[in-house]
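Enquirer: Please find one structure pasted underneath; my questions will follow.
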Amino acid sequence: MTSRTTRSRTAAACTAVLLAGLGLGVVPVAAADDAPDDAGLRQTVEAGEEVVTGDVVVTDGHVDVGPRFLDDEWTMLARDDREVPSVWRDPGRTVLHLGDAAALPAPDGPDYAFLGVEPGTPLHVVPQTQAPDVVWLGWNTQDPRVVDAIGQGASLRLDALDGPGDVFVFLQEGVSGPPNVLWDSGEPLPQELWMEVNTHVHANWVFTEPGIYRLDVTMLADLTDGTQAEDRSSLVFAVGEDTDPAAAFAVADDDAPAGRTPSAGVTGEATDVEATDAPEASAASSGDSPGVLVWAAVLGGLALLAVLVARVSGARRARAAAERDAGDES
């Protein structure tokens with residue numbers, strides 16, 4: 001029997017071959033509702049679609065983030081299209097796990113210099129078009145009440161990022177179209193991307209290192225009634241086959257050390273995760289930030305010590321020089 005890991009690696013290899021044939025590291029398509037060659041972008045969001053609660057790990061399938069009005073409040077949610085009918089979830093409690101099937105080599109060429117890595121460097125990619133065994137993350141502004149309320153469109157703003165590497169989000173149009181970079185975590189934040197009203201869009205999401213990433217985001221819009229609406233949330237990724245997605249729920253909490261362990265195995269298409277009193281789970285991932293924070297603290301302390309030593313040494317040299325001058329004068 002072929003194992004899931006073997007199937008994932010085979011799918012990743014096939015995807016890499018396909019992309020290499022295109023001469024690109026990600027699939028380039030026109031990501032809009034009117035794209036005639038991608039029926040996956042043609043969808044209808046019905047009024048009153050169900051909102052569900054609970055933690056979930058998503059390893060593949062279609063998920064969009066988008067705004068809705070819940071109890072008359074503008075709310076950012078994640079539409080889980082793997083369910084029939086589709087349901088909406090809290091983005092901060094929806095961990096997107098990128099395993100071996102998402103691993104691709106960095107493409108060559110000057111158009112991809114913004115990635116800041118050498119060609120062939122392993123990256124984890126959510127591609128612009130759907131790939132086997134990889135979550136397909138996009139955004140939509142198609143909720144009927146939202147369509148009536150926002151006029152021209154809305155913005156998704158990246159406010160902060162916590163993770164071991166860099167994150168890039170970019171669009172491509174056509175096979176040879178250059179990347180249109182929407183988010184670049186190496187540039188100053190915040191950064192906004194624009195979402196036209198009544199559209200469904202997918203882009204390329206690139207992560208340079210395995211580990212857990214939390215992207216703090218805000219969805220905001222000018223409403224047709226003259227008011228402004230905004231809601232803050234987080235997008236949480238467990239990047240890498242060996243990164244424990246259950247540990248990502250602790251990162252999703254604001255300064256919360258409490259870890260979470262899965263109620264069942266964390267492999268599969270989706271796994272509900274329940275909270276436990278196991279604080280050690282927050283350090284389960286190889287990409288967790290505590291080690292980075294410890295090294296930062298150590299290096300910061302050494303730097304401060306060096307400054308103090310330099311000041312003391314300088315003061316001693318100055319005092320010795322003054323004493324020598326006094327002796328010469330006498």
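The values are calculated or read from the model by the stated rules, or taken from the named source; none is laboratory data. These numbers come from a predicted model, not from an experiment. Glycine gets a Cβ as well: all are built from the backbone with ideal geometry, and neighbour counts include every protein chain shown. For the accessible areas, the whole protein counts, side chains as well, though only heavy atoms, and no ligand, DNA or RNA atoms are used. Shrake-Rupley method; radii C 1.70, N 1.55, O 1.52, S 1.80 Å.
Enquirer: From the set of residues in the range 52-86 that are of a type in the set (A, V, I, L, M, F, W, C) and under 21 Å from the mean Cα position of the chain (by Cα), which is farthest from A246 (Cα to Cα)?
Expert: First, the residues of the range 52-86 that are of a type in the set (A, V, I, L, M, F, W, C): 52, 56-58, 63, 65, 69-70, 74, 76-78, 84.
Those still in the list that are under 21 Å from the mean Cα position of the chain (by Cα) too: 56-58, 63, 65, 76-78.
Numbers: V56: 9, V57: 8, V58: 11, V63: 19, V65: 21, M76: 22, L77: 20, A78: 19 Å.
Result: M76.
Enquirer: Check G151 against each of (1) in contact with a Gly (Cβ under 9 Å, 6 or more places away or on another chain); (2) at positive phi and name the one condition it does not meet.
Expert: Only one criterion is unmet by G151, namely (1).
Enquirer: For the range 213-238, which residues satisfy the criterion of being open to solvent by 10 Å² or more (accessible area, probe 1.4 Å) and closer than 27 Å to A102 by Cα?
Expert: Within the range 213-238, R214, D216, S233, S234 qualify.
Enquirer: Of all residues being of a type in the set (G, A, S) and assigned to a strand (DSSP E or B) in the range 69-117, which is most open to solvent (accessible area, probe 1.4 Å)? Just the residue, please. Give the steps one after another, and end with the answer.
Expert: The first filter runs over the range 69-117 and keeps only residues of a type in the set (G, A, S), leaving 78, 86, 92, 99, 101-103, 106, 109, 113, 116.
When the remaining residues are screened for being assigned to a strand (DSSP E or B), the result is 78, 103.
Working: A78: 4, A103: 38 Å².
Only one residue tops the list, namely A103.
Enquirer: I'd like to check something: does the range 34-51 contain any residue that is in a loop (DSSP other than H, G, I, E, B), modelled with pLDDT of 95 or more, closer than 29 Å to R93 by Cβ and open to solvent by 80 Å² or more (accessible area, probe 1.4 Å)?
Expert: Yes, that holds for at least one residue.
Enquirer: Moving on. Given (1) open to solvent by 10 Å² or more (accessible area, probe 1.4 Å); (2) in a loop (DSSP other than H, G, I, E, B), where does Q128 come up short, assuming only one miss?
Expert: With respect to (1) open to solvent by 10 Å² or more (accessible area, probe 1.4 Å); (2) in a loop (DSSP other than H, G, I, E, B), Q128 is out only on (1).
Enquirer: List the number of the failed condition for P210; all other conditions in (1) of a type outside the set (D, E, K, R); (2) at pLDDT 95 or above; (3) closer than 30 Å to V146 by Cβ; (4) buried (at least 19 other Cβ atoms within 10 Å of the Cβ) hold.
Expert: Answer for P210: the failing condition is (3).
Enquirer: Assigned to a strand (DSSP E or B) and open to solvent by 50 Å² or more (accessible area, probe 1.4 Å): does that describe V181?
Expert: yes
Enquirer: Still on this structure, please answer the following. Can you report the number of residues in the range 190-199 which are open to solvent by less than 60 Å² (accessible area, probe 1.4 Å) and without any contact (Cβ under 8 Å) to a residue 40 or more places away in the chain?
Expert: As a first pass, look at the range 190-199 and keep what is open to solvent by less than 60 Å² (accessible area, probe 1.4 Å): 191, 193, 195, 197, 199.
Within this subset, residues satisfying the condition of being without any contact (Cβ under 8 Å) to a residue 40 or more places away in the chain are 191, 193.
The number of residues fulfilling the criteria is 2.
Enquirer: Here's another thing I want to ask about it. Could you give me the residue pairs with C-beta distances under 7 Å whose first residue belongs to the range 141-169 and is closer than 18 Å to T218 by Cα and open to solvent by 20 Å² or more (accessible area, probe 1.4 Å), whose second residue is β-branched (V, I, T) and at pLDDT below 95 wherever it lies, and which are 6+ apart or on separate chains?
Expert: What qualifies is D162/V251.
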